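Encoded as structure tokens, the structure appears first; notes follow it.
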Amino acid sequence: MRTTPLSLTLTTPTLLPPSPSWPGCVRLVCMSDTHGRHRELQVPSGDILIHSGDFTNTGTFSEVQDFDDWLGSLPHRHKVVVPGNHDSVMDQEVRELVKRGEVEVFSEEEVNKWRKLEDDGILVANAHVLINRGLELEGLTFFGSPHTMFNGVHDRSRYNRYAYSFGCTDESDIAEYVAQSDYQDCDVLVTHSPPLGIADVSSRSHRGSLAVRNAVFKVNPALHVFGHVHPYGGNVFKLENCQENKEKISALGCSDDWSWSSLKTTFVNAASLKVAGLSEYNNRPAPADIFRQPVVIDIRRDTKDVVASNKSSNHGSRFCSVSK
């Protein structure tokens, strides 16, 4: 493995283990990239369940229905969902392409289901779906955005597996989507995309977004939950205050929008799937072989400090995103 030029140095924060006795805390249960296998996870109890995208594998209507039914069976008071690039039917633009026959990925039966959907129809009724919008829950403000950096037109024609939703080919597009809504005071940022250089390397390439990273630096949320890049899933990170990071960030021209010393954000790559994709397996492996359990975060309502996690260490360790 080798460090890539854009990789930032991260640390595992020293946090307490989760406990129901922490006063004034909200418990967040974070997951992502379950790819239609959500029912095989053991979901811890908590106040708010967060899923940061790719809850389906091919983005069909029936997969979304099953996911919604499963959400309805969970005891968490609130659920927050941000779609990902696999969740095709959730993307209004992709839905129109499929309905017009411009994307020939799905069966005619599936396309007919999409044609019956209303433009403003609710596909996930048992959660707050955040597509470039925010809301307040349990004294915390949330903002969610689903967009990732990839060429949907190219990928649809090359792979022909699903419709590749919420894709952007330019960072300015993601920045524009995020800027359309008021996210300036959010405590918890939920995106499908990782921030560039932070737990975002897959197949020797960075899959993260500079626009997402700039949003983190500008808003300085207490917590940023994301997924998309499976190898780094199930981990909690902080950005190390070191000269190397300062130089890399300054080189991209984004050092003026933030104060290094006051950056408090805890990062969670919540990807549940350990492997690149379920297609790697010819048979159905046991859940423990390919899935991580959700990340549990306790955050204080008053100070917005992240105080506990089931994935932290009792001593900080230092590492970089690396090529894999």
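The values are calculated or read from the model by the stated rules, or taken from the named source; none is laboratory data. Remember, predicted model here, so these are calculated numbers, not experimental data. Glycine gets a Cβ as well: all are built from the backbone with ideal geometry, and neighbour counts include every protein chain shown. Note: areas computed on protein heavy atoms with side chains; ligands, DNA, RNA excluded. Shrake-Rupley method; radii C 1.70, N 1.55, O 1.52, S 1.80 Å.
Some points to look at:
- When the test is whether a residue is closer than 30 Å to Ala175 by Cβ, open to solvent by 70 Å² or more (accessible area, probe 1.4 Å), of a type outside the set (A, V, I, L, M) and over 16 Å from the mean Cα position of the chain (by Cα), Glu102 passes it.
- Members of region 143-171 found to be at pLDDT below 90 and in a helix (DSSP H, G or I), listed by number: Gly152, Val153, His154, Asp155, Arg156, Ser157, Arg158, Tyr159
- Any hit, region 204-219, residues being open to solvent by 10 Å² or more (accessible area, probe 1.4 Å) and of a type in the set (Ser, Thr, Tyr): yes
- Strands (runs of 3 or more DSSP E) enclosed by region 1-98 - at least 1 residues per element that are more than 30 Å from Glu244 (Cβ to Cβ) and not small (Gly, Ala, Ser): 25-31, 48-51, 78-81
- Residue in region 106-115 that is among the β-branched types (Val, Ile, Thr), under 18 Å from Gln65 (Cβ atoms) and surrounded by 12 or more Cβ atoms within 10 Å (Cβ to Cβ) present: yes
- Selection count where residues are under 30 Å from Gln92 (Cα atoms) and either of a type outside the set (Asp, Glu) or within 18 Å of the chain's Cα centre (by Cα) (or both), scope region 4-42: 13
- Check on Thr34, of a type in the set (S, T, N, Q), surrounded by fewer than 21 Cβ atoms within 10 Å (Cβ to Cβ) and under 30 Å from Leu196 (Cβ atoms): no
- Condition broken by Ile131, with the remaining ones in (1) touching a helix residue (DSSP H, G or I) at 6+ places or on another chain (Cβ under 6 Å); (2) in a loop (DSSP other than H, G, I, E, B); (3) under 28 Å from Glu171 (Cβ atoms) satisfied: (1)
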